[in-house]
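What follows is a single structure, written as structure tokens, with notes after it.
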Amino acid sequence: MFKVEAIRQDFPILNRQVNGKPLVYFDNAATSQTPQQVIDVIVDYYSHYNANIHRGVHSLSQEATDKYEQARHTIQTHFNAKHPCEIIFTSGTTHGINLVANGFSALLKQGDEIIVSALEHHSNIVPWQMLCERTGANLKVIPMNDEGALVMSAFEELLSANTKLVFVNHISNALGTINPIESIIEKAHAVGAAVLIDGAQACPHIKPDVQKLDVDFYVASGHKMCGPTGVGMLYGKEEWLKKLPPYQGGGEMIAEVTFEKTTYADLPHKFEAGTPNICGGIAFGAAIDYLNAIGFDDIATYEHELLEYATEKLLDIEGLKIYGTSEEKTSVISFNLEGIHPYDVGTILDKMGIAVRTGHHCAQPIMDYFKIPGTVRASFAFYNTKEEIDALVAGVKKAKMMLS
Amino acid sequence: MKINDVSIQDIQNDIIDEFSMFDDWEERYQYMIDLGKTLPLIDEQYKTDDNIIKGCQSKVWVHAQLEDEKVVFTADSDAIITKGIIAILIRVFSNQSPSDIIAANTDFIDEIGLKEHLSPTRANGLVSMIKQLKMYAIAYQTQLN
């Protein structure tokens, strides 16, 4: 039995009120909330061992370095990477994607092809457009169908000896669709292409095994996994990370510097220029420990229950349409009320203390496909309850009444 | 007194009075929603890409013309609450002289409890719309001089 009431005690923010009503937080796909266990780690860092890492001989620096590297190890174990040096700390998913895109600009030539999916977040489209502009490579797009699932036969047709890179999100942020990345990776590898998976939306719900997936690069963000903002991770196979040139120059990433020549540090420091988000990295590790203590299987089962409950209750509302009805989806419901703008629904819900996201979710191509200005998106986490879903349903009904 | 002889300040005071009669957010919002629903705000021919202000969340169209040395604004939005607020803003700014429009502020929005809708981070197009109203006024002012 999943003890959601006990879990909620870990999240102080869930006790607050918004606009005079108890907060119902359903914007988890944008940012998850932070448990006390992680907040404590942040406070402990600044209270006891705040210091710069990797170069101090003093005890504080050593302690901070140990904790930071321990967090890297936690992340390595969590994602089952072969070596700790394959885990690069980043400022978040977008940083990780840009790091890889920048690295590939040295490896691509005119006529090479990059494939992305129609389900991408803007952050996963723009860096590749920029990369194509720099290198003369072409960008191809895997289309999606009415359920919001990728059309795999079209993907196979796009693949050729020219394909150098394939970029797909593990789970779509706008619709919650879980993409068949195992098959995408296998097919991309068959033509010799590398694969980067954006795991930002997946990692709060499932535990990816990068070795089993045989993925080349995988990125995630701490703030969607109960960690702080401004920290994330890039996993890259060692052989790939060695091949890519450094992204940014600065301290930490160098071995030797003279004005004639600089030699770069070994992995992972080659990609970690400057003083990193030390506290953030340590807290990210603590967040992963927290999630694992609850258990990803239990999280998935419970969230699926919430998804089914909410889907059924919301579909009872006449004129409500859900976008993204793929069978493989996570606890995200993107919807609209017929003839009513999502912004209006979101505004009324906010007045009732219910936090949802409205708009195009940084995924305009998806909205264009459905010919809508945007959607209302409710995304559930393991600390949400069915009672909160009831409040959402009541709120949507009220919004409908006021707005129609 | 003709309607366009009423000063911006007087209209703002009227609106503050009207909103003071509402007891809670629901009544305020229902009023704005009804405003948004009932008012035909813009001629369809002016809902062009030239007149559009793209917010991240909702779209706003604004059209301006000079009549008897007063600027007449019409506007619209695809979101109804945004449209309701536009109706209030148009009531304040339209049919006024360019110099009065340039000098006017929107502090009354705070007083009627709709401040959050005019936050620059709200991305509903309203902040840009007010800027646009002022730009039109400045342009017409130059014309009149």
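The values are calculated or read from the model by the stated rules, or taken from the named source; none is laboratory data. Predicted model, so just to flag it, every value in this text is computed and none were measured. Cβ atoms come from the backbone with ideal geometry, glycine included; neighbour counts cover every protein chain shown. Quick note on the areas: whole protein, heavy atoms, side chains included, nothing else; ligands and nucleic acids left out. Shrake-Rupley method; radii C 1.70, N 1.55, O 1.52, S 1.80 Å.
Given a 1.4 Å probe and the protein chains as shown, residue B:19 ends up with an accessible area of around 10 Å². Spatial offset of the stretch A:199-259 relative to the stretch B:8-49 amounts to 50 Å, using the alpha carbon center of each. Net charge in the neighbourhood of residue B:61 (other residues with Cβ under 13 Å of its Cβ; Lys, Arg +1, Asp, Glu -1) is -2. All other residues whose Cβ lies under 15 angstrom from that of residue A:163 are scored, Lys and Arg at +1 and Asp and Glu at -1, for a net of -2. Backbone geometry of the stretch A:30-39 corresponds, through the Karplus equation with coefficients 6.51, -1.76 and 1.60 at θ = phi - 60°, to 3J(HN,Hα) couplings of 8, 8, 8, 7, 10, x, 3, 4, 7, 4 Hz, x marking Gly and Pro. When DSSP beta bridges are restricted to pairs lying wholly in the protein assembly as shown, around 65% turn out antiparallel.
For residue A:261, the lysines whose Cα falls under 17 Å of its own Cα, not counting residues fewer than eight places away in the same chain, are A:270.
The long axis of helix A:93-104 is offset from the longest Cα principal axis of chain A by roughly 40 degrees.
Note on chain B: percent of Cα-Cα distances in each 10 Å bin, starting at 0 and stopping at the bin with the largest distance, equals 11, 43, 37, 8, 0. Remark: spin-label model distance residue A:52-residue B:43 equals 6.6 nm, labels positioned 7 Å along the Cα→Cβ axis. Ranking A:352, A:401, B:135, B:32 by solvent-accessible area of protein heavy atoms (1.4 Å probe, all protein chains present), from largest to smallest, gives A:401, B:135, A:352, B:32. Is the stretch A:1-121 rounded, prolate or oblate when judged by the Cα gyration tensor, a ≥ b ≥ c being the square roots of its eigenvalues, rounded requiring a/c under 1.5 and prolate requiring a/b larger than b/c? It is oblate, given that a/c is not under 1.5 and a/b is not larger than b/c. Work out the P(r) tail for the stretch B:77-137: percent of alpha carbon pairs separated by more than 12 Å, whole number. Result for the distance tail: 68 percent. Between residue A:1 and residue A:297, the distance separating the two model label sites (each 7 Å from Cα on the Cα→Cβ line) works out to 2.0 nm. When the solvent-accessible area of the stretch A:39-293 is split by element, carbon and sulfur atoms take up 52 percent of it, the probe being 1.4 Å.
Surface composition of chain B: carbon plus sulfur atoms hold 48% of the accessible area, using a 1.4 angstrom probe and ignoring ligands, DNA and RNA. Protein-only accessible surface at a 1.4 angstrom probe places the residues A:241, B:118, A:107 in the order A:107, B:118, A:241, largest first. The protein assembly as shown has equivalent-ellipsoid semi-axes of 46, 28, 25 Å, by the square roots of 5 times the alpha carbon gyration tensor eigenvalues, sorted largest first.
Angle of helix A:296-315 to the longest C-alpha principal axis of chain A, folded into 0 to 90 degrees and rounded to 10: 40°.
The C-alpha atoms of the stretch A:39-293 occupy a region whose extents along the principal axes are 58, 50, 28 Å, arranged from largest to smallest. A Förster distance of 35 Å, applied to the separation of the beta-carbon atoms of residue B:128 and residue B:26, puts the FRET efficiency at 0.80. The B and A chains share an interface that buries close to 1600 Å² of accessible area, total over both sides, probe 1.4 Å.
Here the gap between residue A:404 and residue A:259, fully extended at 0.36 nm per residue and compared with their Cα-Cα distance, gives a gain of 45.3 nm. Where a ≥ b ≥ c are the square roots of the eigenvalues of the C-alpha gyration tensor, would you call the stretch A:184-321 rounded, which needs a/c under 1.5, or, failing that, prolate if a/b is larger than b/c, or oblate? Note, shape of the stretch A:184-321 comes out prolate. Using only Cα atoms, tell me the angle between helix A:278-294 and the longest principal axis of chain A; keep it within 0 to 90° and round to the nearest 10. It is inclined by approximately 50 degrees.
Residue A:32 sits with roughly 10 Å² accessible to a 1.4 Å probe, with DNA, RNA and ligands left out of the calculation. Note on the stretch A:101-232: Cα-only Rg and Dmax are 14.3, 42 Å. Rolled with a 1.4 Å probe across the full set of protein chains, the surface gives residue A:2 an accessible area near 40 Å². Protein heavy-atom accessible surface, 1.4 Å probe, per residue over the protein assembly as shown: 43 Å². Summing Lys and Arg as +1 and Asp and Glu as -1 over all other residues whose Cβ lies under 15 Å from the Cβ of residue A:236 gives a net charge of -2. What shape does the stretch A:88-161 take by its C-alpha gyration tensor, where a ≥ b ≥ c are the square roots of the eigenvalues and a/c under 1.5 counts as rounded, a/b above b/c as prolate, and the rest as oblate? Verdict is oblate for the stretch A:88-161.
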